[in-house]
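Novice: Mind looking over this structure? Questions follow.
None of the figures in this text is laboratory data; all of them are computed from the coordinates on show. Note that the structure is predicted; figures quoted are calculated from it, not measured. Glycine gets a Cβ as well: all are built from the backbone with ideal geometry, and neighbour counts include every protein chain shown.
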Amino acid sequence: MSPSSQYALPQLPELPGMNPASQPIDAFKTAVAQLVASAWEDDAAKIVQGVDTGKKGADLALAIPRFKKGKPDEWAKKVLDAVSLHGCPSEGEGERPCGVSVQMA
């Protein structure tokens, strides 16, 4: 593996309204939407519209009830479990050392 490919970012899907090349925050929103959509077996283009910035001390936030009916904590657990599968080990209840956490409002 060459040094440059060792640090290459994964390919992000093209989503409506997102322009990661000129708006770096869009890259993070797209990555979050892609992970959540994978965990929920849902559409990242729909989810990215709900990824917001600067809420309650978080870098990025997603209002789960906007997308899923039922208990938000169960849907949040699916996302946290997916994060664990993507190389970010579980540390404790609702928290991951890579900075992903769930805050229930």
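Novice: Taking R0 as 22 Å, what's the FRET efficiency between Ala27 and Lys77 from their Cβ-Cβ distance, rounded to 0.05?
Specialist: Numbers: r = 26 Å, r/R0 = 1.17.
Calculated value: 0.30.
Novice: Sort the following peptides by mean Cβ neighbour count (other Cβ atoms within 10 Å, averaged over residues), highest first: 44-51, 75-82, 29-36. Before the final figure, lay out the partial values.
Specialist: Working: 44-51: 19.0, 75-82: 17.0, 29-36: 21.6.
Taking the mean over residues of other Cβ atoms within 10 Å, the ranking is 29-36, 44-51, 75-82.
Novice: Same structure, new question: Below 12 angstrom from the Cβ of Leu12, what's the summed charge of the other residues (Lys, Arg +1; Asp, Glu -1)? Provide the component values of the computation, followed by the final result.
Specialist: Working: positive: Lys29; negative: Glu14, Asp26.
Computed value for this residue: -1.
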